[in-house]
Amino acid sequence: MGWILLLLLLALLVGGAVILRRSDWRRRWVTAPLFRHFKRILPPLSRTEQEAMAAGSVWWDGELFSGRPDWSRLLAYPKPALTAEEQAFIDDKVSRLLDMVSDFDCITGAKDLSPEVWDYLRTQGFFALIIPTRYGGLGFSSLANSTIVARIASRSLSAAVTVMVPNSLGPAELLLHYGTEAQKDDWLPRLASGEAIPCFALTGLEAGSDAGAMSDQGIVCRGEWQGESIIGIRLNWDKRYITLAPCATVLGLAFKLSDPDHLMGEQTDYGITCALIPTDLAGVETGVRHYPMGQAFLNGPTRGTDVFIPLDWIIGGWAYAGKGWGMLVESLSAGRGISLPALGTACGHLATLTTSAYATVRRQFGLPIGRFEGVQEALARIAGLTYQMEAARRLTTTGLDMGERPGIITAIAKYHMTELARQVLNDAMDVHAGRGLQWGPHNYLAFHYTGIPIAITVEGANILTRNLMIFGQGAIRCHPFVLAELEAAGETDEEQAVSRFDGLLLRHMAFTGRNLLLALGSGLTLGRLERTPVSGASAGYYRQLTRMSRALALCSDVAMLTLGGSLKRREMLSARLGDVLSQLYLASATLKMFEDEGRPAAELPLLHYALQRALAQIGAALQGVFDNLPNRLLGWWLARLIFPLGMHYRGARDRVQQQICRDIMQPGAMRERLTQLCYWRPEDSDAVGQVELAFRALVATQPLEERLQQAQKAGQLPAHASLSSVLEQAEAQAILTPAEAEQLRQAERMRIAALQVDEFAPGELERLGQ
C-alpha cells in the first residue's frame, strides 16, 4: 500500500510540474491560494526573534541543509594553526599563569583568584586577547583565544571564566564591531591594559533567554551632566548572574530605551539598547556576590537607580539606539563558539588524560581496571567524544577566523560541547569511583564536575538552545527558500508578494521533489552511489552524511508544510530535527580534522567511533520524527522513503571501542591528540602530574612485569606472594637485575601514591571554611 501511495505522489509531482509551467494559470489558481495559506500558517515571530534571524551569517550549516553538501568546500577551508606569537604566549605566559593557579586554594580561601594572579592577568594581556594591537591588545585569532581558554580551563574553570568573559560577550567585543571611533579610542586601550575591568549585564529576574521580557528601562530626558543641561538617558535596572560584576569598573548594560517626549525623533519605543557605564557613577550598585556551584570566579548582581548618562554612551552612538539585540546575537558567536566550547573541550582532555592513566594505575583482581570491558566502554566514550569536541572546536574557530558569524553553528557548538563535557566527566567519575568522590587538593575532577552545569546554563540555557534555536531558527536561516518566502509574505503589496512568492514556490517544489527522489534512490542503494571527495576508510561516511543531509531537508519541508506555525510549539519534534543538523555538523568537523591531519591511521578508531555514533544519533532522531508526526501515515511514509531497506546505523562496534582503549592506555600520537590541552606538572605535588607519572612508570615497566608473570607461570616465582617478596626472589635468581627490580619498586610506590585521597584532621575542614 505504501509503495502505491509513493508512486502516486511521484506521478502528481511530475504532472504538477507540467501543469505549473503555465505561469498565468499557476499564479491565479495555485500560487495565490498557497500564498494566503502560507501567511496563515506562518509561525508568529517576536521582534527579538526577527532580529536574531537577521543577525549573523549562514556558513557550513547552509550546506548541510541543502541536501547536497559540497564536501570539497569543507575540505578547502583553511587548516587551523596558531601563529608563532600565539604559540609563544601559550608556552610562556599561559604556562606561568597555570603554575600560579590552584582551584583548591581559591575555593577554600578567599573564594577568589589571588591578588598575584589578578595582577598577572591584567599586566600580561589576558584581558586583551581579542583587542587589536593598535589599541594595545594582542589581536589573537579565535583559535588562539579558544586554545588559551581551554588550556587554562584544564587547570581551573574559575581562572578560565575570569579570562574568557572580557574576551567574549562584553564591552570589547561590542566596541570592536559597533563602537564609534571615539568610544574605541577611549575604552579599548584601558580594557587592553587591564586598567578597566569589564562585565556585561543582560540577565534579569524575568529576562533570561527571553531578552524581550527585560524590565530594565532607559528613558530619554533632559538632565544635569558636568554642570550642563543635556539630553541623556535616565536608567533603572536590576540584573543578576553577571560574571565579573563585583569587581568591574565598566558595565555594559542592555536595557529597553524609550523616548516619550520625542527628544531624539519621532519614535517612542526603540527597544533593546546597549550602553557603557562606569561603575563608580552615582546610583550604580556592584560589589555583592553570588556563589555559583562553589566556584571562585566573581559573579553577582548589579542594580542602578536613576542613573543619568549622556546619549553618546550608547554603544555605536545614537544610530544604534534600539539595535542592541541584533548586536548581542551577533556577538554571542564569541561566547557560544569560542569560550564555552573551549571549556567543554578542556574537560574532555582532562578526563582523557587522567582517566586513561587511572585505569592503568588502579587494579582489581590483579588487573588494571582498564582491561575490564565495562570500564572500556566508558573510556572509549570519553576518548571518542573528546576527539569530536576537539574537531568541532577547530572547525568552529576556523569559521570565525574566516570572518563568519554563524549563529546556528555556534549554538550547536555551545550546546553539544557542554553536554558532551558533562557526559565525559560523568564517565570519568564513574571510572574513578571513590577516588573521584573525596574532596581535596588531590581530586583533579571535582571542581570541573561541579562547575560544568554553569557552562550548560549560561549564554542561552541548553534546553532552550536545543528546543528553540538550533532548528527553530536554523530551519529558517539555513533553508534555501524559507527565509525568502517569509520576507515575501511580509510585503504589503500582495500582487508583488505573490509574484515573488511564485518564483520561490517553483524552486522550492523542485528542491523538495529532487530531495524526495534522491532520498529514495539513496535509501534503495544504501547511499553507495553518492559522491565522495576522498577514498579509503572515511569515504563511506561522506556518502551517508550526504544521504542524511537530504533526509533533513525533506523532513524539514514536510514538517513545516504540514505543521506550519504549530511546529514552533512542538519543541520535542523540532529539537529532533535540530539534533540531525547538529550531528551532521559534528560529523563534518570530525572528517575535516581527520583530513587536515593527513588521515593518520592511528586516529581511525576515533574517527569510526565519532562517525558511527553521529549516524546512530541521526537515525534515532529521525525515527523520533517519524513516530511523532501528528499524521501517523505521513510519518510511516517518510520512514519507508528515507530508510526503505531499514535503518542500519547502530553506533560504534565493541572492537572499535576496545582498540581505542588499548591505544589511550599507551603513550603515543593518539593519546597526545586527546590530551594536549591538559596542563600538568611533572612532579608529585601536582595531582594530575602524579597520576600521569605513575601511568608512564607502569607502562615503562610493563615488559618487566610480563617477565615476572612468565616466571610465576613456570613455577620459578611464587604466584601469590607480595611484590617485595617476588622481587627479592627474582633478583636472587637473576630473573631481574637489581636496577630492574628497583625500577619496579619505584613504579609501585608511584602507583600507590597516585591512588591516595585527601584526609582531614578533626576541625581542619572547619578551618578551611567547608
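What FRET efficiency, computed as 1/(1 + (r/R0)^6) with R0 = 30 Å and r the Cβ-Cβ distance, is obtained for residue 525 and residue 597, rounded to the nearest 0.05? Working shown, then result.
On the way: r = 31 Å, r/R0 = 1.03.
Computed FRET efficiency for residue 525 and residue 597 comes out at 0.45.
Of the accessible area of the stretch 310-380, with the probe set at 1.4 angstrom, what percent is carbon plus sulfur?
Numbers: 1050 of 1960 Å².
C and S fraction of accessible area: 54 percent.
With a 1.4 Å probe and all protein chains left in place, how much of the accessible area of the stretch 721-770 comes from carbon and sulfur atoms, in whole percent? Intermediate values should be presented prior to the final figure.
On the way: 1660 of 3020 Å².
Solvent-exposed carbon and sulfur of the stretch 721-770 make up 55 percent of the total.
Give me the compactness ratio for the stretch 623-678, meaning the Cα radius of gyration over 2.2 N^0.38 Å.
On the way: Rg = 19.9 Å, N = 56, 2.2 N^0.38 = 10.2 Å.
Compared with the compact-globule rule of thumb, the stretch 623-678 sits at 1.96.
With every protein chain left in place and a probe of 1.4 Å, what is the accessible surface of residue 371, to the nearest 10 Å²?
Accessible area of residue 371: about 140 Å².
Quick check: at a probe of 1.4 Å, how many percent of the accessible area of the stretch 135-232 sits on carbon and sulfur atoms? Mind showing how you got there, number by number?
Working: 1560 of 3210 Å².
Carbon and sulfur: 48 percent of the exposed surface of the stretch 135-232.
Classify the chain as rounded, prolate or oblate from the Cα gyration tensor: take a ≥ b ≥ c as the square roots of its eigenvalues, call it rounded if a/c is under 1.5, otherwise prolate when a/b beats b/c and oblate if not. Don't jump to the answer; show the numbers that get you there.
Details: a/c = 2.50, a/b = 1.22, b/c = 2.05.
Taking the square roots of the gyration eigenvalues as a ≥ b ≥ c, the chain is oblate.
Taking +1 at the Cβ of each Lys and Arg and -1 at the Cβ of each Asp and Glu, which of 582, 118, 763 sits farthest along the dipole of the chain towards its positive end, judged by Cα position relative to the Cα centre?
So the residue furthest toward the plus end is 582.
Positive end of the dipole of the chain, charges at C-beta (+1 Lys, Arg; -1 Asp, Glu), about the Cα centre: which of 562, 145, 697 has its Cα farthest in that direction?
So the residue furthest toward the plus end is 562.
Suppose every K and R has +1 on its Cβ and every D and E has -1 on its Cβ; what is the size of the dipole of the stretch 633-715 about the Cα centre, in Debye to the nearest 20? Walk me through the intermediate numbers first.
On the way: 11 positive and 9 negative charges, 122 e Å.
Result for the stretch 633-715 is approximately 580 debye, rounded to the nearest 20.
Can you tell me the relative contact order of the chain? Whole percent, Cα pairs under 8 Å, sequence separation 6 or more. All intermediate terms of the calculation are to be shown ahead of the outcome.
Details: 1269 pairs, mean separation 121.0, N = 770.
Normalised by residue count, the contact order of the chain is 16 percent.
State whether the stretch 656-695 is rounded, prolate or oblate according to the following rule on the C-alpha gyration tensor (a ≥ b ≥ c being the square roots of its eigenvalues): a/c under 1.5 gives rounded; otherwise a/b larger than b/c gives prolate, and the remaining case gives oblate.
Details: a/c = 3.16, a/b = 2.01, b/c = 1.57.
It comes out prolate by the Cα gyration axes.
Mean separation of Cα pairs under 8 Å and 6+ residues apart, divided by the residue count of the stretch 647-770: what relative contact order is that in percent? Spell out each step's value before the answer.
On the way: 65 pairs, mean separation 26.3, N = 124.
Here the relative contact order equals 21 percent.
Go through the stretch 719-731 residue by residue and turn each phi into a ³J(HN,Hα) via Karplus (6.51, -1.76, 1.60, θ = phi - 60°); whole Hz please, and just put x for glycine and proline.
7, 10, 7, 5, 4, 4, 5, 4, 5, 4, 5, 5, 5
Could you please put 414, 323 in sequence from largest to smallest accessible area, using a 1.4 Å probe?
On the way: 414 0, 323 105 Å².
Reading off the accessible areas and sorting them downward yields 323, 414.
Please state the charge dipole magnitude for the stretch 670-770, taken about the Cα centre, from unit charges on C-beta atoms (+1 on K and R, -1 on D and E), reported in debye and rounded to the nearest 20. It would help to have the intermediate numbers written out before the result.
Details: 10 positive and 16 negative charges, 81 e Å.
Using Cβ point charges on Lys, Arg, Asp and Glu, the stretch 670-770 gives about 380 debye.
Could you do me a favour and compute the accessible area per residue for the chain, 1.4 Å probe, result in Å²? It would help to have the intermediate numbers written out before the result.
Details: 31110 Å² over 770 residues.
Normalised by residue count, the accessible surface of the chain is 40 Å².
What whole number of Å gives the distance from the Cα centroid of the stretch 551-586 to the Cα centroid of the stretch 677-738?
So the two Cα centres are separated by 56 Å.
Rounded to the nearest 20 debye, what is the charge dipole size of the chain about its Cα centre when +1 sits on each Lys and Arg Cβ and -1 on each Asp and Glu Cβ?
Details: 73 positive and 79 negative charges, 711 e Å.
Here the size comes out at about 3420 debye.
Kindly sort 266, 597, 195 by accessible area of their heavy atoms, largest first, with the probe set to 1.4 Å. Working shown, then result.
Numbers: 266 165, 597 60, 195 125 Å².
Putting 266, 597, 195 in descending order of accessible area: 266, 195, 597.
List, in order, the whole-Hz ³J(HN,Hα) value for each residue of the stretch 252-265 obtained from phi through the Karplus relation with A = 6.51, B = -1.76, C = 1.60 and θ = phi - 60°; use x for Gly and Pro.
Once rounded to whole Hz, the list reads x, 10, 9, 8, 8, 9, 9, 9, x, 9, 6, 6, 9, x.
The values are calculated or read from the model by the stated rules, or taken from the named source; none is laboratory data. Fair warning: this is a prediction, and the values are worked out from it, not measured in the lab. Every residue, glycine among them, receives a Cβ derived from its backbone with ideal geometry; neighbour counts consider all protein chains shown. What goes into the accessible areas is simple: the full protein's heavy atoms, side chains included, and nothing from ligands, DNA or RNA. Shrake-Rupley method; radii C 1.70, N 1.55, O 1.52, S 1.80 Å.
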